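The values are calculated or read from the model by the stated rules, or taken from the named source; none is laboratory data. Owing to the predicted nature of the structure, the values given are computational and were not obtained by experimental measurement. A quick note on method: Cβ atoms are made from the backbone with ideal geometry, for glycine too, and the neighbour counts reach across all protein chains shown. Note: accessible area is taken over every heavy atom of the protein model, side chains too, but ligands, DNA and RNA are not part of it. Shrake-Rupley method; radii C 1.70, N 1.55, O 1.52, S 1.80 Å.
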Amino acid sequence: MKSIASAPGKIILAGEHFVVHGTKSILCSINMRVNVTAEFMSKKIIITSDICNVIIDDLSDNTINIIRPFICIIKKIFNKYNYVGGIKIIIKSDIPVGVGLGSSSACCVAVAASVSGLFGKITKKCIVELAKEGEKTIFENTSGADCTICTYGGIIEYDKKFGFKKINTNKKINLLVINSMTRHSTDLTVKKVMKFKHDNKKHFDLLCKKELLLIKKLKHSLINNNLNSIGTQMKKNQEYLRQIGVSNKTIDNLIRQVNYISYGAKITGAGDGGCIIVLIDKQNEDKLINSINENYKCFQIENERHGVTVNKQN
Ligand code: MEV
């Protein structure tokens, strides 16, 4: 039997970094996905993807960084069901890695869902918890926001204390992603913001308050599909992210370049490189893409309603 799970990538419309420090964020799943197929083997652990091809004898081998989150997740599931055999996992993803589109969270979610699927039914609540444990092996300060959106899908408001609430809107949001082609480390960027907070307590607290206000307005704008107001909140959020030091010259230049033809643009995810998202009318997309330096990769995305799914195949 094979258990096949699929999880979406994500963007953050507002609140990245601030959410780690107890404020809220608004996230949205996107129409790029990772698919994971899991299958029992008599022995050995085999994990293959576009970026790794690993065979280990058992789960006590914790030496290979790239698969550490998956080993953590598999171990927890095997322990729960007292299973001591092997497993083969194949990961196929169309989400670019390390640029703020949720590739690692979507992988953790899909691995948790597909491996659990081999043993029976599993709730989304359990999938998120397993995925977060996996993610913590590479990034211990995670707010849990990314794993939550990749599991539940749609558009959500999230905070660490109260979890998530769905934001009800059926409207498609047309976004252009511009990949600055510099990968970032979420762990390091989050640590950089912690230092900023430590050195600039008053400034950071003020930005947290402003961020909360912005998120309230953004939520209303999304429900009313008010593109001008959504764009305005994205621009404001980008300015707050710049002030806490997670933008850079390349990103600042790109943002300036796209603002004239779009409703607004901002970093998505950890920043310090990675992607920006641009809220733009479809008819203006080509003009914008043609004006962007060809070293940067541009692609169109939409919000996606479906979170993680699991199917079994005999
Ligand atoms: C990363 O996609 C989002 C951050 O806010 C980290 C987190 O929420 O865990 C930077």
request  = Have a look at PHE119, PHE162, PHE139 and tell me which one the Gaussian network model of the chain (Cα, springs below 10 Å) gives the largest fluctuation.
outcome  = PHE162
Sequence ranges 263-270, 121-128, 97-104, 143-150, ranked by mean other-Cβ count within 10 angstrom, highest first = 143-150, 263-270, 97-104, 121-128
ask   = Rounded to the nearest whole Å², what accessible area per residue is found for the chain with the 1.4 Å probe?
value = 46
task = Answer rounded, prolate or oblate for the chain, using the Cα gyration tensor with square roots of eigenvalues a ≥ b ≥ c: rounded when a/c is under 1.5, else prolate when a/b is larger than b/c, else oblate.
result = prolate
key: Share of carbon and sulfur in the accessible heavy-atom surface of the chain [1.4 Å probe, %]   = 50
message = With viscosity set to 0.692 mPa s at 37 °C, what whole-number translational diffusion coefficient in µm²/s follows for segment 98-215 from Stokes-Einstein and a Kirkwood radius over Cα pairs?
response = 200
key: CD proxy at 222 nm, helix term only [per DSSP H run n ≥ 4: -39500 (n - 2.57); per residue of the chain; nearest 500]   = -12500 deg cm²/dmol
query = Among LYS24/LYS201; LYS171/LYS266; LYS161/LYS210; LYS88/LYS160; LYS75/LYS195, which pairs are too far apart, with a Cα-Cα distance over 23 Å?
reply = LYS88/LYS160; LYS75/LYS195
message = So for the chain, averaging the separation of alpha carbon pairs under 8 Å that are six or more residues apart and normalising by length, what relative contact order in percent results?
response = 27
